[in-house]
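J.: Before we start, here is the structure in question, set down as structure tokens.
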Amino acid sequence: MSWQQIAAEKKSRQLDSVPKEWLSSTLPSSETLTIIDFPQTSRVLSPLDLEITESSVATLLSDLASSKYSAVQVTTSFYKRAIIAHQLTNCLTEIFIERALSRAKFLDDHLQTTGQVVGALHGLPISLKDQICIQGIESTIGYVSWIGQFAEKNAVLVDILESLGAVPFVKTNVPQTLMWPETYNNIFGRTTNPYNRSLTSGGSSGGEGALIALRGSPLGVGSDIGGSIRIPSAFCGVYGFRPSSNRIPYAGCVNTLEGEDSILSVLGPLSNSLDGIKSFYKGVLSKEPWHQDSLVVRKRWSEEEYNLIDHGNRAEKLCFAIMWDNGLVAPHPPIRRGLEMTKKALLAAGHQVIDWVPYKQAEIYSTISAIWNAAATEDFETSAAPSGEPVILSMHPDALQEDEDLAFRPSSTGISAFALWQIQKKKRDLRHEHLKHWEETARVTGTGRPVDLIIGPIAPYTAPPHGLNKNGQYTMVWNLLDCPAMVIPVSKVDQAQDVKQPRTEFHSADDKENYELYNPATFENAPISIQLIGRTMEEEAVIAMAEIVDQALKAIKSELN
């Protein structure tokens with residue numbers, strides 16, 4: 001068969017796996033862009049389904065442990081909502097209903113027989129990015145060549161999640177190769193944004209972002225090598241966490257750019273609540289994953305660090321620093337407003353807020369790009385070649401392969417090992433320099449400590465139209481520096497508030513192009529989010545400080561209402 005026929009057969013298998021009674025027959029027209037609230041009126045979900053799927057992770061775990069809800073009921077409710085989300089945004093890849101419900105029934109029987117939950121995530125359905133392997137299920141990551149390759153065993157993280165009592169129930173869509181900030185491939189197609197379907201859901205964990213936003217899953221797992229958790233989280237208005245490398249086990253996942261060990265991809269959670277993020281992170285570490293993945297750092301969850309032992313022990317005010325602009329591409333008005341709202345909220349809560357002075361952003365960005373591009377073209381072409389499928393060059397819906405103006409893919413011819421070593425040495429030196437830059441802020445914080453947390457944009461825009469998400473500067477720098485980063489939703493684009501401001505001076509041609517892209521009507525209803533950046537291996541503290549920021553934002557929102 002041709003690669004097109006192979007892809008079509010795979011897509012047909014996916015559609016056949018869905019019970020017809022779970023499909024909505026009253027879908028909004030394609031002209032209806034905002035469909036975030038459609039599940040409530042879909043006529044597929046019962047009042048109980050809605051009650052379950054709109055609960056926080058903490059509430060669900062409590063209700064499952066008390067047997068208020070069975071794991072079978074919770075899994076079924078989320079399945080039904082996930083299928084609606086898929087009809088609306090095309091967010092799923094693998095759907096394995098019989099297997100997941102069998103797992104849920106086992107958990108119910110165990111609780112009924114023993115009176116004890118299996119673990120900290122007992123009965124909780126969890127969605128997984130397509131690359132996370134589940135035994136007997138495909139992980140194509142958008143390559144037609146990988147169709148028919150069924151995983152021989154679970155990824156380590158899947159084993160751990162199941163040991164905690166979780167129920168893996170769907171896998172979610174990704175771009176071909178994973179190395180894209182949007183989500184499109186030749187097998188499953190494009191994932192759209194539920195807040196405005198003319199806009200991208202982001203990538204490469206774009207399926208997760210759209211699914212979580214529509215509450216088709218209470219907790220999902222994505223991966224992030226340059227922003228692939230944070231970008232879809234921000235664009236889809238959900239919480240997302242990129243931890244430091246080697247704290248969450250990655251072993252057993254399929255991937256792209258394997259062997260590139262200088263900038264590591266990491267796994268992390270997406271959820272509609274911060275309690276979901278914390279439950280995932282604390283639960284996984286409780287299983288001591290360093291015994292199953294040789295690369296995982298032997299570092300347990302630290303309650304002391306969560307209680308901010310290095311940041312005044314929660315007894316003192318914190319000092320946050322806001323990076324308003326990276327000096328390369330200035331953010332659009334909605335992003336600026338989100339940062340201003342955050343500053344106002346933190347000041348009202350009694351904290352200190354100062355400006356962050358960006359450090360060598362262009363050098364950091366170009367260094368990580370050079371490391372990736374050392375052999376990216378060969379990697380992508382090698383994976384795509386067996387089926388004859390071309391490597392997709394553009395994310396734009398109207399682009400043809402030869403449209404260089406719309407192309408996103410970097411081209412690389414390869415460099416010598418020695419040349420790559422020089423780039424990696426520069427990466428090392430930049431990390432040392434940035435650490436010193438951060439430490440020196442102790443002189444201006446007034447706390448006697450360096451800045452506790454940096455707050456900044458995830459991108460210079462909210463979710464843009466399909467094919468136009470080409471700027472990863474605001475996320476990629478933190479991957480090179482290996483800083484944990486949390487995404488928090490703040491607001492949504494509003495045409496009345498987010499008017500275009502006149503500018504005559506620009507950082508660069510890219511900055512001017514980004515300025516000209518902005519039209520409030522184009523971005524209407526897109527979520528506005530911020531990124532909270534901590535120090536390497538400081539995940540517990542970042543989660544704790546994210547809760548402080550989130551509570552402060554919610555406090556001022558309630559005052560405005």
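What follows is calculated from the coordinates using simple rules that are stated; it is not laboratory data. Source: prediction; values computed, not measured. Virtual Cβ from ideal backbone geometry, glycine too; neighbours counted across all protein chains shown.
J.: Rank the residues F241, F320 as a footprinting-exposure proxy: fewest other Cβ atoms within 10 Å of their Cβ go first. Intermediate results must be reported in sequence, preceding the final value.
T.: Numbers: F241 30, F320 25.
Fewest-to-most Cβ neighbours within 10 Å comes out as F320, F241.
J.: Sort the following peptides by mean Cβ neighbour count (other Cβ atoms within 10 Å, averaged over residues), highest first: 212-222, 519-529.
T.: Values: 212-222: 28.9, 519-529: 20.6.
So the peptides 212-222, 519-529, ranked by packing, come out 212-222, 519-529.
J.: I've got another one for you. Residues with beta-carbon under 14 Å from that of I231, excluding I231: net charge, scoring Lys, Arg +1 and Asp, Glu -1?
T.: On the way: positive: K129, R230, R242, K470; negative: E182, E208, D224.
That sum, taken over residues with Cβ under 14 Å, equals +1.
J.: A follow-up question, please. Each residue of segment 534-545 in order: what ³J(HN,Hα) in whole Hz does its phi give by Karplus 6.51 cos²θ - 1.76 cosθ + 1.60, θ = phi - 60°, with x for Gly and Pro?
T.: Ordered by residue, 3J(HN,Hα) equals x, 7, 3, 6, 9, 4, 4, 5, 5, 4, 5, 6 Hz.
J.: Given a Förster radius of 35 Å and the C-beta distance between E31 and A65 as r, what FRET efficiency does 1/(1 + (r/R0)^6) yield to the nearest 0.05?
T.: Numbers: r = 44 Å, r/R0 = 1.27.
Here the calculated transfer efficiency is 0.20.
J.: Give me the distance in nm between label points sitting 7 Å out from Cα along the Cα-to-Cβ direction at R431 and K500, one decimal.
T.: Using points 7 Å along Cα→Cβ, the separation is 4.2 nm.
J.: Whose amide H sits under 5 Å from the amide H of T441, counting only residues 5 or more places off or on another chain, with H placed in the peptide plane?
T.: For T441, whose amide H was placed from the backbone, the distant partners under 5 Å are V451.
J.: Let me ask something else about it. As a test, work out the antiparallel percent of DSSP beta bridges whose residues both lie in the chain, rounded to the nearest 5.
T.: Numbers: 28 of 42 bridges.
In the chain, approximately 65 percent of DSSP beta bridges are antiparallel ones.
J.: Let me ask you something else. Kindly put R43, R503 in sequence by how many other C-beta atoms sit within 10 Å of each C-beta, fewest to most. Numbers along the way, then the final one.
T.: Working: R43 8, R503 11.
In order of increasing Cβ crowding within 10 Å: R43, R503.
J.: Listed highest first by mean packing, meaning other Cβ atoms within 10 Å per residue, what order do 164-174, 196-206, 245-255, 415-425 come in?
T.: 196-206, 164-174, 245-255, 415-425
J.: Moving on to the next point. Using a simple spin-label model with points 7 Å from Cα along the Cα→Cβ vector, what separation in nm is obtained for F106 and A417?
T.: In this crude spin-label approximation the distance works out to 4.5 nm.
J.: Taking amide H positions as placed 1.01 Å from N in the peptide plane, with prolines and chain starts having none, which residues 5 or more places from E260, or on another chain, fall under 5 Å of its amide H?
T.: It is none; the list stays empty.
J.: Please sort 484-493, 328-337 by packing, taking for each peptide the average over its residues of neighbouring beta carbons within 10 angstrom, highest first. Present the calculation step by step, with values, prior to reporting the outcome.
T.: Values: 484-493: 24.8, 328-337: 22.0.
Packing order, densest peptide first, comes out as 484-493, 328-337.
J.: For segment 22-179, what size does the Cα cloud have along each of its three principal axes, sorted from largest down, in whole Å?
T.: Principal axes ranked by extent give 49, 40, 24 Å for the Cα atoms.
J.: In units of 2.2 N^0.38 Å, what is the alpha-carbon radius of gyration of segment 3-291? Mind showing how you got there, number by number?
T.: Values: Rg = 17.4 Å, N = 289, 2.2 N^0.38 = 18.9 Å.
Output field value: 0.92.
J.: Given Cβ point charges of +1 (Lys, Arg) and -1 (Asp, Glu) and nothing else, what value in debye, to the nearest 20, does the dipole of segment 499-561 about its Cα centre take? Kindly include the intermediate steps, with their values, before the conclusion.
T.: Working: 6 positive and 12 negative charges, 53 e Å.
Using Cβ point charges on Lys, Arg, Asp and Glu, segment 499-561 gives about 260 debye.
J.: In addition: In whole Å, what three semi-axes, largest first, describe the equivalent ellipsoid of segment 405-561 built from its Cα gyration tensor (square root of 5 times each eigenvalue)? Display every interim value, and only then the final one.
T.: Numbers: eigenvalues 173, 147, 42 Å².
Here the semi-axes work out to 29, 27, 15 Å.
J.: Among the aspartates and glutamates, which have Cα under 16 Å from the Cα of K20 when same-chain residues fewer than 8 positions away are ignored?
T.: E98
J.: Using only alpha carbon pairs under 8 Å that are at least six residues apart, calculate the relative contact order of the chain and give it in whole percent. Let's see the in-between values first.
T.: Working: 1217 pairs, mean separation 87.1, N = 561.
Here the relative contact order equals 16 percent.
J.: I would also like to ask the following. Using +1 on the beta carbon of Lys and Arg, -1 on that of Asp and Glu, and nothing else charged, what's the dipole of the chain about the Cα centre, debye to 20? Intermediate values should be presented prior to the final figure.
T.: Details: 50 positive and 65 negative charges, 171 e Å.
That gives a dipole near 820 debye.
J.: Ranked by Cβ crowding within 10 angstrom, fewest neighbours first, how are L92, L27, L532 ordered?
T.: Values: L92 27, L27 14, L532 24.
The most exposed by this proxy come first: L27, L532, L92.
J.: Before anything else, pin down the relative contact order of segment 116-195: Cα pairs under 8 Å, at least 6 apart, normalised by residue count, whole percent. Before the final figure, lay out the partial values.
T.: Numbers: 139 pairs, mean separation 27.3, N = 80.
Relative contact order of segment 116-195: 34 percent.
J.: Report ³J(HN,Hα) in whole Hz for each residue of segment 553-558, in order, from the Karplus equation J = 6.51 cos²θ - 1.76 cosθ + 1.60 where θ = phi - 60°; Gly and Pro get x.
T.: My calculation for segment 553-558 gives 5, 5, 5, 6, 5, 5 Hz in order.
J.: Same structure, new question: Based on the Cβ-Cβ distance from E304 to K11, what FRET efficiency comes out when R0 is 45 Å, to the nearest 0.05?
T.: On the way: r = 50 Å, r/R0 = 1.10.
Efficiency at R0 = 45 Å is approximately 0.35.
J.: Mind listing the phi-derived Karplus ³J(HN,Hα) values for segment 306-314, rounded to whole Hz, using 6.51, -1.76 and 1.60 with θ = phi - 60°, and x for any glycine or proline?
T.: Calculated HN-Hα couplings, in order: 5, 8, 6, 4, 9, 9, x, 6, 6 Hz.
J.: When we measure straight from the Cα of K68, which lysines land under 17 angstrom away, once same-chain ones fewer than 8 places off are left out?
T.: Here the lysines satisfying the reach criterion relative to K68 are K105.
J.: Also, I was wondering about something else. With Cβ to Cβ distances under 14 Å as the rule, what net charge do the other residues near V254 carry (K, R +1; D, E -1)?
T.: Result for the local shell: -3.
J.: Distances longer than 13 Å among the Cα atoms of segment 215-257: what percent of all pairs is that? Let's see the in-between values first.
T.: On the way: 550 of 903 pairs.
So the portion of pairs separated by more than 13 Å is 61 percent.
J.: So which lysines pass the test for K500, namely a Cα distance under 25 Å, with those fewer than 8 places away in the same chain ruled out?
T.: K343, K344, K470, K492, K512, K557
J.: Expressed as a rounded percentage, what relative contact order does segment 3-291 have, with Cα pairs under 8 Å and six or more residues apart?
T.: Details: 659 pairs, mean separation 57.4, N = 289.
Computed over segment 3-291, the figure is 20 percent.
J.: Related question: Note down the magnitude of the dipole of segment 3-291 about its Cα centre, charges +1 on Lys and Arg C-beta and -1 on Asp and Glu C-beta and zero elsewhere, to the nearest 20 debye. Can you show the working numbers first?
T.: Values: 23 positive and 26 negative charges, 50 e Å.
Dipole size: approximately 240 debye.
J.: While we're on this one: Taking a quarter of the surface of the convex hull around the Cα atoms of segment 253-390, what do you get in nm²?
T.: 12.9
J.: Continuing with this model, one more query. Taking every pair of distinct Cα atoms and averaging 1/r, then inverting, what Kirkwood hydrodynamic radius in Å comes out for the chain? Please list the in-between numbers first.
T.: Numbers: mean 1/r = 0.0421 Å⁻¹.
In the chain this quantity evaluates to 23.7 Å.
J.: Using amide H atoms built in the peptide plane, which far-off residues or other-chain residues are under 5 Å from C91 H to H?
T.: Hits under the 5 Å cutoff: H86.
J.: Within a Cβ distance under 15 Å of M1, other residues only, what is the Lys/Arg minus Asp/Glu net charge? Don't jump to the answer; show the numbers that get you there.
T.: Numbers: positive: K10, K11, R13; negative: E9, E389.
Neighbourhood net charge equals +1.
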